[in-house]
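The structure appears right after this line, and notes come after that.
The values are calculated or read from the model by the stated rules, or taken from the named source; none is laboratory data. In this text the structure is predicted, and so the values were computed from the model without any measurement. When we count neighbours, we look across all protein chains shown, and the Cβ atoms used for this are built from the backbone with ideal geometry, even at glycine. All accessible areas refer to the heavy atoms of the entire protein, side chains included, with ligands and DNA or RNA removed. Shrake-Rupley method; radii C 1.70, N 1.55, O 1.52, S 1.80 Å.
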Amino acid sequence: MNHLEQLFDVAVIGGGPAGLSAGVALARALRPVLVVDAGGQRNLRAEGVHGFLTREGMSPKEFLAAGRAELERYGGTAAAGRVASARREGGNFVLSLEDGSTCSARRLLITSGTEDELPDLPGLRERWGRDVLYCPYCHGWEIRNRKVGILASDSHAVLQALTFRQWSHDVTLLLNSELTLSPGQREQLEARSVKVADGSVCGLVVQEDTLRAVTLHDGSAVPLEVLVVSPATVSRANMLETLGLEPDGLEEGPGTRLETDESGLTACPGVWAAGNATDVSAQVVTAAAAGLKAAEAINADLVLEDTRLAVEAARVPAR
């Protein structure tokens, strides 16, 4: 990335659905806006985008490319790079990138998303986004009527099993030595014909690049076509530590996120966040909507500052 001398009104860190949506909105508001993207969006392993009206099944790569094209069509700047740190300089922010370049902006929007930390199971990451999944609303239709296993990591696995039962009549809850069911939970699972498998899961059985089963420590195997896991979603906003802004732990489950108000404003003045960076369960369409909402709040904040500066300039006697 070349050194960017221009002072941007807004620098967006992260070029996923939230960042690009915000970038387009700000560019359409005639704001000089930069979207810096390190790549690695969490849905790139998926075959298609789901739950986004008129974009159903679209390749995630094509979706992002279309977003960048829209951003540039309205005069925004898209740049590839990874932000290493951020600092205040005067009333602005200076971003330092890993390639040694820098850029400056009056406001920041963090849409760098999260990193999924998967359970420690050999071969799991290679299947992630294919037949190892998490979100039923992202993949439920595609895996309907297939053999689904739920890998338990905590009590949330019971709700996962009951939810995926909506899409499949063959669901097995793998307790994985991580979960002890209460009588009430067992009653719920039995009523919905959800099978339960005791014992720790130790491996995957993959044949012809297709998941066939999981193996247990006792040597038995549970036939499966889809494995549902609960990854820890960890914030990718470490570059903000230099501003004194650190991610908070999730209220439920492992992982971290940035805390914001309803507009996306963080505890650090001048810094907003949107998308998975603040809402780890946000899908593509909700992340994009959050980016738009944050962009509107940022523009309103800049309008007030522009007005204040104009008033101050008008009060200076002419010489």
| Shape of the stretch 60-113, Cα gyration tensor, a/c cut at 1.5 | prolate
| query | Working out 0.36 nm times the residue gap between VAL206 and LEU250, then minus their Cα-Cα distance, what length gain in nm do you get to one decimal? | reply | 12.5 nm
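Determine the gain in length on full extension of the stretch LEU118-SER281; use 0.36 nm per residue of separation and subtract their C-alpha separation, reporting nm with one decimal.
Extending this stretch completely gives an extra 57.1 nm.
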| Using heavy-atom solvent-accessible surface (probe 1.4 Å) with all chains present, what is the largest-first order of PHE93, PHE52? | PHE52, PHE93
| What is the spin-label model distance, in nm, from THR307 to GLU178 if the labels are put 7 Å beyond Cα along the C-beta direction? | 5.1 nm
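Looking at the calculated P(r) for the stretch 35-177, what percent of the C-alpha pair distances fall above 26 Å?
44 percent
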| remark: Taking a ≥ b ≥ c as the square roots of the Cα gyration tensor eigenvalues, with a/c under 1.5 meaning rounded and otherwise prolate when a/b beats b/c or oblate if not, the stretch 154-229 comes out oblate
| task | Would you please give the residues with an amide H less than 5 Å from that of GLY15, counting only those at least 5 places away or on a separate chain, with H modeled from the backbone geometry? | result | ALA38, GLY39
| query | Going by alpha carbons, how many degrees (0 to 90, nearest 10) lie between the helix axis of 284-315 and the longest principal axis of the chain? | reply | 20 degrees
| task | Quote the charge dipole size of the stretch 70-125 about the Cα centre in Debye, to the nearest 20; the model charges only the Cβ of Lys and Arg (+1) and of Asp and Glu (-1). | result | 400 debye
| query | What is the magnitude of the charge dipole of the chain about its Cα centre, with +1 placed on the Cβ of each Lys and Arg, -1 on the Cβ of each Asp and Glu, and no other charges, expressed in debye to the nearest 20? | reply | 760 debye
| task | Give, as a single signed number, the net charge of other residues whose beta carbon lies under 13 Å from the beta carbon of GLY113, with Lys and Arg counted +1 and Asp and Glu -1. | result | 0
| message | Using all alpha carbons of the stretch 211-263, what is the percent of pairwise distances in each 10 Å bin, ordered from the shortest bin to the longest? | response | 20, 29, 19, 18, 13, 1
| query | Quick one: helix 60-73 against the long Cα principal axis of the chain, what's the angle to the nearest 10°, folded into 0 to 90? | reply | 10 degrees
| note | Rounded to one decimal in nm, the spacing of the 7 Å Cα→Cβ label points at GLU72 and GLU187 is 6.1 nm
| Taking a ≥ b ≥ c as the square roots of the eigenvalues of the Cα gyration tensor of the stretch 1-52, is the shape rounded (a/c under 1.5), prolate (a/b larger than b/c) or oblate? | oblate
